[in-house]
Amino acid sequence: MVRLSKPSFSPDFFLLCLIATVVGASFIPARGVAVPWVETVADLAIALLFFLHGAKLSRTAILQGAGNWRLHVYVLASTYILFPAIGLAMIALFRSIADGLLLTGLLYLTLLPSTVQSSIAFTAIAGGNVAAAVCSASLSNLIGIILTPLLVGLLMAVDGESSALSWRSVQVIALQLLVPFLVGHMLRPWIGTFIERHKRLLMPIDRGSILLVVYSAFSAAVAGGIWSQVGIVDLSLLLLLSLMMLMIVMGANVGLARLVGLPRADMIVLLFCGSKKSLVSGVPMAGAVFPAAQVGIIILPLMIFHQIQLFLCAALANRFAREGATPQRPQLPRTAAEIEVAAQKLGLTIAKPCMAGVTANLLLLDRHADTLFATGKP
């Protein structure tokens, strides 16, 4: 019997920390002289986060999956073309009934790169092409550091301005995200082994950096009156639109995989890498691109979408794992000696007159097992 590792469907610890951070910022926001200190610490933490992501990026793993260029094009098209098209359509359809900044946040999340760790993890659980997933997810994040701000400037407008992107935003993204990432990756030959060995110890830096930025963003949003602006109806609509968006993208990716004849392992990569959005990249980038008072409400759709994608992808990964599992063919005893040993282990005694019949029946069952497993129907 094959044992499968089942992803958890319950909210993870990080989600609970995110909720606690939002609640904490709502009741005890950073004020006065504490604001610049919180912002400075959050900026340094994000720079360290991207430095570590650069150091963790394996060139060998990327090269192993780089040859599957057609798959990577499909993933990038889903991430940076299909998602934004759906976001723009939803804004056009719901502009009259939904909060404008929430819709801005919904469009913003469609412009973000794919996740890295969870995309690779779900691909591995589902039995997909892990090397290609590493390459696709990493490539999506590398391109996203440059492409996402450009798409924001091209497609989004904040407070009636023609573009949400400014020269200052470009500088912040380059210095806070891109430069630390590149420095970390260049230093990988010297620090890569240490990073790989201490992944679990370094995880709090990943999570803590995001929580600091979320606290800073929601502190500013609370000062701007976010909870008088966003109600339960808005949140419910946002939840529905996020779920619809994810299901449309997943359905389109599966349809494309079947249309172009992708192997099952590559279809899984397209499904997971092409349907996810990065909270790690999205939160700090929003702080660089949007006014501080608006960042909290703009990243709210991303935080909701993040948990939805984890739930749905966990369910799908577990289903693919069950469907792709190969049951082990049972090995039956064939000779009289093997049958006696097996019987002794079970505490049974086979009379000598019965041994010929038992042997014949086990040989017959063994042939049936060969036939069933050969047809793939155990």
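Starting from the Cα gyration tensor of the range 192-303, take the square roots of the eigenvalues, sort them a ≥ b ≥ c, and report rounded, prolate or oblate (rounded when a/c is under 1.5, otherwise prolate if a/b is larger than b/c, else oblate). Since a/c reaches 1.5 but b/c is at least a/b, the shape of the range 192-303 is classed as oblate. Considering only G87, A42, Y74, the residue lying farthest towards the positive end of the dipole of the range 1-125 is Y74, judged by Cα position with unit charges set on Cβ. Whole-percent P(r), the range 24-113, all Cα pairs, 10 Å bins from 0: 13, 21, 29, 27, 9, 0. Within the listed set A360, A174, A42, the residue fluctuating most in the Gaussian network model of the chain (springs between alpha-carbon atoms under 10 angstrom) is A360.
On the basis of the beta-carbon distance and an R0 of 35 Å, H198 and I143 show a calculated FRET efficiency of 0.80.
Here the Gaussian network model covers the chain, with springs between Cα atoms less than 10 Å apart; of E340, E196, E323, E340 fluctuates the most. GNM on the chain, C-alpha springs below 10 Å: top fluctuator among A121, A342, A221? Judging by the Gaussian network model, the answer is A342. Stretching the chain fully between A336 and A20 yields a gain of 107.1 nm (0.36 nm per residue, less the alpha carbon separation). Positive contributions from Lys and Arg (+1) and negative ones from Asp and Glu (-1), summed over other residues with Cβ under 10 Å from the Cβ of S114, come out at +2. Here is how the number arises for the chain: DSSP H runs of 4 or more residues each give -39500 (n - 2.57), the sum is divided by the residue count, and the result at 222 nm is -24500 deg cm²/dmol. Relative contact order, whole percent, for the chain stands at 30, derived from Cα pairs under 8 Å and 6 or more residues apart. Taking only the C-alpha atoms of the chain, the Rg (one decimal) and the largest Cα-Cα distance, Dmax (whole number), read 26.1, 94 Å. With a Förster radius of 25 Å applied to the beta-carbon distance between L88 and V233, the computed FRET efficiency rounds to 0.65.
Read the figures in this text as sums done on the coordinates, not as results from a lab. Fair warning: this is a prediction, and the values are worked out from it, not measured in the lab. Neighbour counts run over all protein chains shown; Cβ positions are idealised from the backbone, glycine included.
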